[in-house]
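Everything on this sheet refers to the single structure shown next.
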Amino acid sequence: MELPFAESWKIKMVEPIRKSTRQEREQWLKSAHYNVFQLASEYVYIDLITDSGTGSMSDRQWAALMLGDESYAGASSFFNLKNKITEITGFPYVIPTHQGRAAENVLFSYLVKEGNIIPGNSHFDTTKGHIEARKAIAYDCTIDEAKDTQLEIPFKGNVDPKKLEHVLAEHHDKIPFIIVTITNNTAGGQPVSMQNLKEVRIIADKYNKPVLYDSARFAENAYFIKMREKGYENKTIKEITKEMFSLADGMTMSAKKDAIVNMGGFIATRLEDWYEGAKGYCIQYEGYLTYGGMNGRDMNALAVGLDENTEFENLETRIRQVEYLAGKLDEYKIPYQRPAGGHAIFVDAMKILTHVPKEEFPAQTLTVELYLEAGIRGCEIGFILADRDPITRENRFGGLDLLRLAIPRRVYTNNHMDVIAVALKNVFDRRDTITHGVKIAWEAPIMRHFTVQLERL
Ligand code: F0G
């Protein structure tokens, strides 16, 4: 008999989590104005609000912390980190930052000017924010197939080469660089193929434009290339990531995801002018160039995390867990963005809560119901997060309305996945009784989802 699959690690340290009663949850969520961002984490049983900064570090990472060099300038921890990044990506220039959006802020302070257009595949919110705050446009070139949640294709995060070519042909004088997000978080943690990265490179070269990768989940992307793309099945993850980055000029990184640290990020590039141009902003906003907002010990742990999480077994354990949860949802016929993403399942709320009109925010309603059902905290990636149109001030109902269940790395077991699936099934089974959603009582002008106050209808 073939042995079943099991995790590539064992557990050395545990953190107790607490169940609660429905009555308690009703009360807590009401006080939080039906916004799960406003809940204290101790009121949460299984926390799927994000996979960012919520992973478990390994014993090697904890050991590396103890060897952190906290020198202000020239710390050995910086060189450990820099050498590891150069080894994995091939990029010689490295600027550390305290997280991913800080890397964007530093680099875009140099690169993005008013009136620019930055084409890419579903820019992440902070990326878009840093572009729009500079009065530039984040122009989406994601393939149209990404919008059909039930369509199953292997690389649903891809850039549409035709859309990219079109915007470059029309506006090349306004485009400072192209950005590719790997994996494509907003489209459902969907990967980008090596073929597509090559196509982007060819178009970029034709117009003489540099290419930047938003690399928060680059290792998961490499895993999908190995599993799904012809010619890569026998390559190691490190060989694949090296090839991916050989097609780019630089990267911004939120190390809180695929480098499995609680805080950290960086910029890496092969372009001397990007490094020279951005480094002053690092000093201004983040800190001196050999720490950029991070402790020495954290840079050490980051270097180890990057090394470990570009190994196949670690990624296989992680992504098979997400697929395990997806398999359960298939069993219960619960619709989600197919195929399952690398870091999360994105449940299609509009296909479940068909009686809740979009004006009453189906995905947020589903988020509320799942928390009340079992104390599981997901996150709305839908109409509330989409904010209002800056000009008309109307809600933006054009995109998808999803409940994201982000799975932290190396944190929960498949027993937890079973609980999540059954809790969602219970909500799914009574979906026809859910006829009312939520309404906004108070909201901030931008990024409203973090602080929005809601009322249940
Ligand atoms: N790029 C992508 C693709 C991201 O998913 C994130 C963060 C960032 C950049 C910004 O990085 O948080 O370190 O400043 N995503 C988190 C999430 C917050 O929940 O998906 P950061």
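Enumerate the pairs (first residue in the range 1-20 and touching a residue at least 60 places away in the same chain (Cβ under 8 Å); second residue anywhere and among the aliphatic types (A, V, I, L, M)) with beta-carbon separation below 6 Å, excluding pairs fewer than 6 apart on the same chain, so at least 6 apart or on different chains.
none
Residue check: is VAL106 in contact with a Cys (Cβ under 7 Å, 6 or more places away or on another chain) and within 23 Å of TYR275 (Cα to Cα)?
Details: in contact with a Cys (Cβ under 7 Å, 6 or more places away or on another chain): yes; within 23 Å of TYR275 (Cα to Cα): yes.
Against the criterion (in contact with a Cys (Cβ under 7 Å, 6 or more places away or on another chain) and within 23 Å of TYR275 (Cα to Cα)), VAL106 qualifies.
With respect to ARG25, determine if the residue is farther than 28 Å from HIS98 by Cα, more than 26 Å from the chain's Cα centre (by Cα) and open to solvent by less than 40 Å² (accessible area, probe 1.4 Å).
Values: farther than 28 Å from HIS98 by Cα: yes; more than 26 Å from the chain's Cα centre (by Cα): yes; open to solvent by less than 40 Å² (accessible area, probe 1.4 Å): yes.
Considered against the rule, which asks whether it is farther than 28 Å from HIS98 by Cα, more than 26 Å from the chain's Cα centre (by Cα) and open to solvent by less than 40 Å² (accessible area, probe 1.4 Å), ARG25 comes out as yes.
Just to check your reading of the model, which residue among ALA259, ALA255, ALA248, ALA216 is out of contact with any His (no Cβ under 8 Å at 6 or more places or on another chain) and either open to solvent by 20 Å² or more (accessible area, probe 1.4 Å) or more than 12 Å from the ligand (Cβ to nearest atom) (or both)? Please lay out each step first, then the result.
Numbers: ALA259 fails: either open to solvent by 20 Å² or more (accessible area, probe 1.4 Å) or more than 12 Å from the ligand (Cβ to nearest atom) (or both); ALA255 fails: either open to solvent by 20 Å² or more (accessible area, probe 1.4 Å) or more than 12 Å from the ligand (Cβ to nearest atom) (or both); ALA216 fails: either open to solvent by 20 Å² or more (accessible area, probe 1.4 Å) or more than 12 Å from the ligand (Cβ to nearest atom) (or both).
From the options ALA259, ALA255, ALA248, ALA216, the qualifying one is ALA248.
Determine whether LEU325 is in contact with a strand residue (DSSP E or B) (Cβ under 9 Å, 6 or more places away or on another chain) and at pLDDT 95 or above.
Numbers: in contact with a strand residue (DSSP E or B) (Cβ under 9 Å, 6 or more places away or on another chain): yes; at pLDDT 95 or above: yes.
Yes: the conditions hold for LEU325.
Applying the selection to the range 254-294, what residues are hydrophobic (A, V, I, L, M, F, W, C) and free of Cβ contacts under 8 Å to residues at least 24 places away in the same chain? It would help to see each step written out before you state the result.
Of all residues in the range 254-294, those hydrophobic (A, V, I, L, M, F, W, C) come to 255, 259-261, 263, 266-268, 271, 274, 278, 282-283, 289, 294.
Result: ILE283, single match.
Starting from the range 177-201, keep only residues that are more than 25 Å from LEU403 (Cα to Cα), then list their pairs with residues that are more than 15 Å from the ligand (Cβ to nearest atom) and in a strand (DSSP E or B) whose Cβ atoms are within a distance under 7 Å, requiring at least 6 positions of separation or different chains.
That search, which allows pairs on different chains as well, returns PHE177/VAL211; ILE178/PRO119; ILE178/VAL211; VAL200/ILE178; VAL200/VAL211; ARG201/VAL211.
From the set of residues in the range 135-159 that are open to solvent by less than 50 Å² (accessible area, probe 1.4 Å) and touching an Asp or Glu at 6+ places or on another chain (Cβ under 7 Å), which is farthest from GLU229 (Cα to Cα)? Reasoning before the result, please.
Narrowing the range 135-159 to residues open to solvent by less than 50 Å² (accessible area, probe 1.4 Å): 136, 138, 141-143, 146, 149, 153, 155-159.
Applying the additional criterion that residues be touching an Asp or Glu at 6+ places or on another chain (Cβ under 7 Å) yields 136, 138, 141-143, 149, 153, 156.
Details: ALA136: 35, ALA138: 29, CYS141: 22, THR142: 19, ILE143: 18, THR149: 21, ILE153: 12, LYS156: 13 Å.
For the range 135-159, the residue satisfying everything is ALA136.
Which residue pairs have Cβ atoms under 7 Å apart, sit 6 or more places apart or on different chains, and have a first residue in the range 338-352 that is closer than 17 Å to LYS257 by Cα and a second that is in a strand (DSSP E or B) and small (Gly, Ala, Ser)?
Hits for this filter: HIS343/ALA406; ALA344/ALA406.
Looking at ILE434, ILE446, which one is modelled with pLDDT of 95 or more and assigned by TED's automatic domain parsing to the domain that holds GLN364?
Values: ILE446 fails: modelled with pLDDT of 95 or more.
Residue meeting the stated conditions: ILE434.
Out of all the residues in the range 138-174, which are farther than 22 Å from PRO335 by Cβ, touching a Lys or Arg at 6+ places or on another chain (Cβ under 7 Å) and free of Cβ contacts under 8 Å to residues at least 24 places away in the same chain?
Listed by number, the list holds a single entry, ALA138.
Yes or no: the range 195-208 includes at least one residue that is within 16 Å of the ligand (Cβ to nearest atom), of a type in the set (A, V, I, L, M, F, W, C) and either in a helix (DSSP H, G or I) or touching an Asp or Glu at 6+ places or on another chain (Cβ under 9 Å) (or both).
yes
Can we say ILE391 is without any contact (Cβ under 8 Å) to a residue 40 or more places away in the chain and outside any helix (DSSP H, G or I)?
Yes.
Can you say whether PHE361 is more than 18 Å from LEU39 (Cβ to Cβ) and surrounded by 17 or more Cβ atoms within 10 Å (Cβ to Cβ), as far as the supplied structure shows?
It is false that PHE361 is more than 18 Å from LEU39 (Cβ to Cβ) and surrounded by 17 or more Cβ atoms within 10 Å (Cβ to Cβ).
The values are calculated or read from the model by the stated rules, or taken from the named source; none is laboratory data. The structure displayed is predicted, hence computed values, not measured ones. FYI the Cβ positions are ideal-geometry reconstructions off the backbone, even for glycines, and counts take in every protein chain you see. With ligands, DNA and RNA removed, areas are computed over all heavy atoms of the protein, side chains included. Shrake-Rupley method; radii C 1.70, N 1.55, O 1.52, S 1.80 Å.
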